[in-house]
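Let me begin by presenting the structure, written as structure tokens, before commenting on it.
Where a number appears in this text, it was derived from the coordinates with a stated rule and is not lab data. As the structure is a computational prediction, the values presented were derived from the model and not from experiment. Because the Cβ atoms are built from the backbone with ideal geometry, glycine has one as well, and the counts that use them run over all protein chains shown.
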Amino acid sequence: MSSAIKVRISDIYAGRFEEVTVNGIRLFRLKTGISTNLVRIMGVVVNSYINPDETYAFVTLDDTTGVIDVKAWHDSVNMLLSSEGEVYQTGTILDVIGKVRMRDENLYVTPTLVIRVEDPNWITVRRLEILRLKLKYISTSWATKKLKDRFDSLKDRLLEEITNKYPDGVTLEELETKTKISRTLIRQALDDLAEEGLLYVDGDRKYRITSADAYEQGSVSQTP
């Protein structure tokens, strides 16, 4: 079983199904950008049903952020039955791992594992776990954006340097010595600028500002 992502019920309604399948499995994409085959929800049963021949049953879970049905058919119905053989009743706390499905525009979960929770304090624990995961995601996203902003700033700086100080072009080595920045980072920034059409490399392996004359003379080349 792949790792299930702990979510609030409202997170499911904020997500969407991926357009493509992976190994025949259609993944569900959460608002955080994580794609998963399994979600894990915890809530209180507010409604339940089992048909007379016990081939279909469902429980409706409420975690205060939303409600969703957990539906089971045939052999899976047993997962929604208590030790007494009855479908879980209102007030029961369940921890459910399952797959998000949709029918007639309605989302629901088909269970792969159902655990009855006796201690209601676990609901608070789960909320804190999900909050910690969300904060981690926000922190990672912020760090990624900060790195991108710094890289874009470096590109702007290099473009300005070459434009104002090196009208005849400049080599990668000269820029490394001048800026005291690692060659790898400078090279990546210069490659990006070249791909954007703002720089080109001449026959002397110097980076120059792209101009109409350069194109007309056929001196524009790919980065080395």
Using the count of nearby Cβ atoms within 10 Å as a rough guide to exposure, how do MET79, MET42 rank from fewest to most? MET79, MET42
Could you work out the helix-only [θ] at 222 nm for the chain, with each DSSP H run of four or more residues adding -39,500 (n - 2.57) and the total divided by the number of residues, to the nearest 500 deg cm²/dmol? -11500 deg cm²/dmol
With a sphere of radius 9 Å drawn around the Cβ of ILE130, what net charge do the other residues whose Cβ falls strictly inside it have (Lys, Arg +1; Asp, Glu -1)? +4
If you place +1 on the Cβ of every Lys and Arg and -1 on the Cβ of every Asp and Glu, how big does the dipole about the Cα centre of region 148-217 come out, in debye to the nearest 20? 380 debye
Rounded, prolate or oblate (a/c below 1.5 giving rounded, otherwise prolate when a/b exceeds b/c) for region 5-118 by Cα gyration tensor: prolate
Given a Förster distance of 30 Å, report the FRET efficiency between LYS206 and LYS146 from their Cβ-Cβ distance, rounded to the nearest 0.05. 0.40
Expressed in nm to one decimal, what extension gain is obtained for the pair ARG183 and LEU135 from 0.36 nm per residue of sequence separation less their Cα-Cα distance? 13.8 nm
Candidates ASP62, ASP11, ASP104; GNM for the chain (alpha-carbon contacts under 10 Å) flags as most fluctuating ASP104
In nm, what is the difference between 0.36 nm times the number of residues separating ASN78 and SER10 and their Cα-Cα distance? 21.8 nm
HN-Hα J in Hz across region 57-65 - Karplus 6.51, -1.76, 1.60, θ = phi - 60°, x for Gly and Pro: 8, 8, 10, 9, 9, 10, 10, 6, 9
Point-charge dipole on Cβ atoms (K/R +1, D/E -1) for the chain, about Cα centre, debye to 20: 640 debye
Taking only C-alpha positions in the chain, Rg and Dmax in angstrom work out to 28.4, 86
Below 8 Å, C-alpha to C-alpha, sequence gap of six or more: please give me the relative contact order for the chain in percent. 13 percent
Cβ-based exposure ranking for LYS165, LYS31, in which fewest neighbours within 10 Å come first: LYS165, LYS31
Residues whose built amide H sits under 5 Å from the amide H of THR171, excluding neighbours closer than 5 in sequence, are TYR207
Anchor LYS178: lysines whose Cα lies under 23 Å away (excluding residues fewer than 8 positions away in-chain): LYS148, LYS155, LYS165, LYS206
For LEU113, distant residues with modelled amide H under 5 Å away: ILE97
For region 5-118: relative contact order, % (alpha-carbon pairs under 8 angstrom, 6 or more apart): 23 percent
Percent RCO, i.e. relative contact order, over region 145-207, from Cα pairs under 8 Å lying at least 6 residues apart: 36 percent
Within region 40-72, find all residues whose amide N lies under 11 Å from a label point positioned 7 Å from the Cα of THR110 along Cα-to-beta-carbon. 71-72
In the chain, helical segments from DSSP H whose Cα atoms cover 27 Å or more along their own axis and that average at least 1.0 on the Kyte-Doolittle scale are none
List the pair-distance distribution P(r) of region 88-135, using every Cα-Cα distance, as the percent of pairs falling in each 5 Å bin from 0 up to the bin containing the longest distance, rounded to whole percents. 5, 16, 17, 22, 23, 12, 4, 0
Treating only the Cβ atoms of Lys and Arg (+1) and Asp and Glu (-1) as charged, compute the dipole magnitude of region 9-72 about its Cα centre; round to the nearest 20 debye. 300 debye
With springs connecting C-alpha atoms under 10 Å apart, model the chain as a Gaussian network and identify which of PRO167, PRO111, PRO120 has the largest mean-square fluctuation. PRO167
Compute the FRET efficiency between ARG127 and GLU18 as 1/(1 + (r/R0)^6), taking r as their Cβ-Cβ distance and R0 = 22 Å, and round to the nearest 0.05. 0.20
Which of the lysines could be linked to LYS71 by a straight reach, that is with a Cα gap under 28 Å, when you skip same-chain ones fewer than 8 residues away? LYS6, LYS31, LYS99, LYS134
Among SER48, SER76, SER182, residue whose mean-square fluctuation peaks in a GNM of the chain (springs only between Cα atoms under 10 Å): SER182
